[in-house]
Structure formats: structure tokens, C-alpha cells
1. Suppose R0 equals 22 Å. What FRET efficiency, 1/(1 + (r/R0)^6) with r the Cβ-Cβ distance, do residue B:226 and residue B:391 give to the nearest 0.05?
2. Would any residue of segment B:389-423 have its amide N under 16 Å from a label point 7 Å out along Cα→Cβ of residue B:283? List them or say none.
3. Under the definition of partner shielding as Cβ atoms of other protein chains within 10 Å of a residue Cβ, what is the mean value for peptide B:100-108?
4. Measuring from label point to label point, each 7 Å out along Cα→Cβ, what is the residue B:332 to residue A:138 span in nm?
5. Given only helices, namely DSSP H runs of n ≥ 4 each adding -39500 (n - 2.57), what is the per-residue ellipticity at 222 nm of chain A, to the nearest 500 deg cm²/dmol?
6. If you take each beta carbon of peptide B:126-132 and count the beta carbons of other chains within 10 angstrom, what is the mean?
7. Assuming R0 = 22 Å, can you tell me the calculated FRET efficiency for the pair residue A:258 and residue A:160, based on Cβ-Cβ distance, to the nearest 0.05?
8. Could you calculate the contour length gain from residue A:357 to residue A:3, that is, 0.36 nm times the residue separation minus the distance between their Cα atoms, to one decimal place in nm?
């Protein structure tokens, strides 16, 4: 039986075409996002991502909503699809990032993830007004610290910390709440979290990675990522990048089986209809959705990756084609689930709920 | 003749007199039960304080009752006493903006108010988060702007540190000024302007991420009670969340704050005063009083009573019997025994007053704590509670109330089922929402003037 693959899709990107290709300002309304995630869920995709920037590009005439807000808004209108916002770590408070993502996990009942990114431009630094733009290496090292803090804060409440013991008048057992005591060059965080441990224990951490990325970004992926969205120039490079990554994961003391590697594929299913918003990175597919299926099957085998992260050039017009064209073909080939069998994002990805580091340390 | 939902004819009471001046309208908000001892968790009906189903239930109940908004508080560090995490009260809550975006999906008209700290956030990011909530909810966002001065909370943040009292309000004012400049800077069908601000607290240049949201500015709520707090509210808040629940205190506060408005070219109706209020209902007044007494005992366990006194005494009182007399030792000034609570103020004065009071009325530690922490504003039958709320509003002691139920998530059910219809019959509370935005519900104008680029600098 063939190995099933995992599929995710980026919902942001160019807002130049709405879901039905009409008013771009639709992307500032909840129904637009509810329709997109609903569609992705119809296809039983593992998760959707929603990109972010702290400074709008000068040719953005529509505006960009906070991705955590958007995905929290659609959580109650969906049931199964994983919800993975980009949250940058450069100008945010790590404490707020961890509590917002824990909350997304609660409101979605276990479907949150976190696509970690940095905000490296001078425009973003000026908008935040707190510090100058810094070299990428520093920013990625800081991102790894933020991921470490988030993981500790998510674990800072043991699952059974809430005891409601009327006899002693205690609501929580304070022995099961933990200070995280993180100290780093950019911030220190005492803890514990103000939010109990999220339904997934720790929402999966997602890192986009290319072979030429700075050391800090590769280390972040090796030490903290549950899912890596791999960018590679071609199939040979993808296979090599995956092997290199998994070696590094093992060196970092983690089991490579605990990581899902998805190859990023730019897709343009209505070529010529609209110019691509940005130059494509890595494998790029132009053609009909049905023709993409055999190609993904081939790449899946050739590279050893666990699946694909699809980045449509115009999501509003292409997502329906992916769901109604690509997904049925993959199912026919026995390569993709007929429907969700689990409830949480970790279930979809085949990742177990992680043990709590503080329980292991203490008991 | 009007009928209730079961089809029975409704008693017609207090129909508005069309010849008299129109009766002042009551505004109501629902406070999600907080992480303090007002919230009872030992009751069998006490549900989860964190699961989304609890937020959905309370929000939908409030919307069924045509409330103005749902209100969420915030705390950025778990409270401590004697260097240990306080374990006697409900604890653990979500990030308020994130949970309110989800609540927006399960409600249609209810306003959504998040308490967010201006000390441990930065304007560009927070302005975008509130604008996002306002866009995604169709104009229902509100921001209760608070500040924190303590280094204890700062230990969870990059900023760390400590702000002195005056700087707290300076930061909040400058924060709001920058946020409003960002909210103003991208008018519909126009290109966004770059907001440049250089002040004592913030120095930034930013193009807003989003065009005008439905309300343009989320409703701004202010909760401080000090002179600076009142002035801050008069200058620019839309709602004051006050603690003056009694008729006399409420009238004095109302008069004082509304009088300050003229100085800033604002009218009395431009700022609503909504005190926090709790309620206990019963079929008879006696039954309600009995139920209220039971709730007070649930709220103040023996351990909680000692903890309550320790907040004032600033010293370990665990050796004292909660059912015995008050401590005979004096408070410790400037104690850091407890962290994360509001400051006790004049410890010696409070302790002396309580001792005298307890001696006179023969109260134990627990009995005194029960009496002193009683925040039961409205106790009685639905008729008497509706009458009392109406009376407060007609007497200009409040424009309405932020109701704090003592149970999660069902604590508002009886109020909506039994009291709201009576307020509607009195002609002082909406039978249905007339508008779509929170500003519509509160009778507040949408901000209109276009600020010039760089006006904040």
C-alpha cells in the first residue's frame, strides 16, 4: 500500500483575486476566510497556513489582517482543518505569542499550529519602533529562543494542574505549575503561563526552510520544528535537503520520525490568467490540477518527503481546483485520506501528543 | 398585549409615560467570571473557565439578552503570596483578543471587549490586532486599556521594569494617541498615510496594516478610579468601567466624571459610566438573601479569609484561626508578601477600622472577610432587581452595569430569562438591537474627523 501524503495550503499571498475573483476587499471580511478554510476542510487537507508581515508592501491596496485573529475567527466555523498562522518573533512579546497560540488551540479544540518567522526589514523595525533592524542570523537565533519559551510556557501547567479540591479550598495544585525561567540575550521570561496547557499539549511548530538559510534558521528547524516546509530548487536538492535536515534533527537528540517534511510547491493552475505575485521558489507547477496529481506522486517517492505545502498564486480561484481536481486524483491513487480520521492537527500529521518536560524532570 | 416566550400574557408594569421625558436607557454588559474569589468553583454547576464552550455559552446568553457587550479581563502573571502561586481561586484564562475573535463567529451583534495592557504591548501591533477584531466582527470591538506598574508582571516581558504611577497614564495616553493615528491613516478608497510619531514613550514611523474598520476606532474603555484615571476617561474614553455600585457613590462619581467632559468639548452622552455589579435572584426577597449568604460563604472559604487579611496585613497569618478574632499584630508596611493584587493602600488605617468593626459586631476573621468582600450589588426577586437597576440609571448613578456572574458559564442565564424581560417592559432596555456595531448599541458616534499625517508627533 502506498505511503499516504500530507497536504497543506497557504491562504495568504496575493489578495488580488478574491474567492470568487471579485472585490479584493472581501479578504477583510470573515465570510471570505470561512469559505476558504471550509473549502480546504472539504478536501480534508492537513492544515492551512496564513502568512504575515509587520509592514505592508507598498503595492498592498487591500490591507492584511492579523493571521491569529483570522484563524481564531474561522475556528468555530470549521471542525477538522489545522490552523497555522505565521507569528513573527522579532517585535512581539514571546509571552503574548505563546498565550495567543495556546488560545487558538483551545478555541479550535486542538487544531492550532505556529509558523515561526522573523520580521527582518527596516520598515518593520520602524513600525514597531522598539529596535533597529538586525542581521538575519541574530533574528533567527532569537526566533529559536521564542520557540523555546513558548514550548516551556505551554508545558508550564501540567495537564492535571486544576484539582478543584473543595476540602482544602485549592483550585490548582501549585506543585503542578512551573516557572519557566528562560534567560536569553533579548528577553527573559519567568512564567508560568496564564493559560492552562493547550489541548494538543504543544501546538505543532512549523518552520519554512531552504538549503541556503542561515544557521540559526536551520537550528530552529532541527531543534523545534514538528513540521518543516522545505524549499528546494529541484527534486534532487529536495531529497538532499531532507536528508541533511533529518541528520541534524538526530544530532540534536530528536527522533527524525517525529518530524514531517513537506515540500513547498508553487502552483499556478490558471496560467496566464494573472501574473504571479512573486517569483516562485522551488518546484513550480503550471497546468491543470488533475495533471498535478501524478507529479506529486512521483516527487513524493523521489524525494522521500511526507507531503506538500501548496502555494497557489491566486488562492481564491485555485483552491477550488485543488480540492475538486487534485485531491480526488490523489485519493484514487491511494495517496490521500478519504476524510479526517482524527480530531486534532497532531492526529492528522500522525504526531503524538508530547509529554510534558516538567513532569519528566520532576517525577 | 405582549406575551412571553411561552405564550402567557405578560404583566404590563411601568409602561413608559409618553408625556414625560423619555426614560434613560439601561446599558448592560456581561463580564466573563474572573480569576478571583467572586467566581465560585466549588458549586456543582461550575464549569470550565477555559474551554471555548464556556465562552460561547456566556456570549450567546448575553446576546439573547440583547446585551451591549461581553467583557474579558486580563492578568499577565499568576498571583502569588508568600512567594508561592495563589491556589485558592479560579485561575487560567485565554488571550482575550484571540478568544473574542472566535466568539465573533458564534454571535452576530454582541460587542466584544478585551482588556489589554498598554504597558506590556506596543502600539503598531496592538492597533492592528484591534482593527482586525473590528473588521472580522463587523464593528463590535472594544478595548479596555489598562496599565501595570509592577516589576513582578514585567518579569514575563521584554520590557520588564517598572513604570511609576504618573508614567503609566502618560504611556497609556500616548499609546492611544498613536493607535488612533494608525486607525485614522487609511481612509476608504484612499492611499494609506505613514504615521510618524516621536514621543517620550514611542518613536515610530508606520504605514497602517489595515484601512478603516467598521467602527474606525474600537470603543475605548477605561477602568481607573484615581484623579488621573478620571481625567484620562474624560479626555478620550467612550466607557468608564467603575466600581461605584451604590446609588450615592455612583451619583457622585457620575457627576464628577461627566462634569469633566465639557473641558474637552465633549457632551455627557459621549461617555458612558458602567459600574461592575453582581446579582443574586430568588423567587422571594428572603430566598434571594438566603442564596446570597450561601454564595458569600462559597466565595470566602476559611483559607480565602486568611488570604484576604494577609493582603492588608502584609504578613503570614496562617497561625490564626479563621473562625477566631482578628490578628492582634500590626500590618507590615511596604510588604511584598503578595504580588499581583491591587495595592492595599493604607494598611494601618484599614486594619484599625476592621479591628474596631469586628470587635463591635463580634465578627470572626471569616465573617469579617465575608462582609468586607461582599460585592452583591443586586439581591432580590427579578422584579426588585429590575426596579433597582432602573432606579440607578434614572437617578444618574450609572448608565448601566457590567454584570459579573459568580458562576461559569451559566451564571447569566437566570438574569437574561427573568430580569431582562422586566427591563424591556419598563421601556428602559432594548427589545432588539437597532444597529450592528457596538457604537450603535452604546449610542456613540463613529469618529469622523480625519487626522492629518503626523498629527500625533
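1. Numbers: r = 28 Å, r/R0 = 1.27.
After rounding, the FRET efficiency stands at 0.20.
2. The answer is B:418.
3. Mean shielding by partner chains, rounded to a whole number: 6.
4. With each label placed 7 Å out from Cα toward Cβ, I get 4.2 nm.
5. Numbers: 12 runs with 128 residues, N = 363.
Only helices count here, giving -10500 deg cm²/dmol.
6. 5
7. Values: r = 24 Å, r/R0 = 1.09.
Result of the calculation: an efficiency of 0.35.
8. Result: 124.3 nm gained on full extension.
Read-outs throughout are calculated quantities, based only on the coordinates presented, and are distinct from any laboratory measurement. Predicted model only: the values in this text are computed from it and were never measured. Positions of Cβ are backbone-derived with ideal geometry, glycine not excepted, and every protein chain shown enters the neighbour counts.
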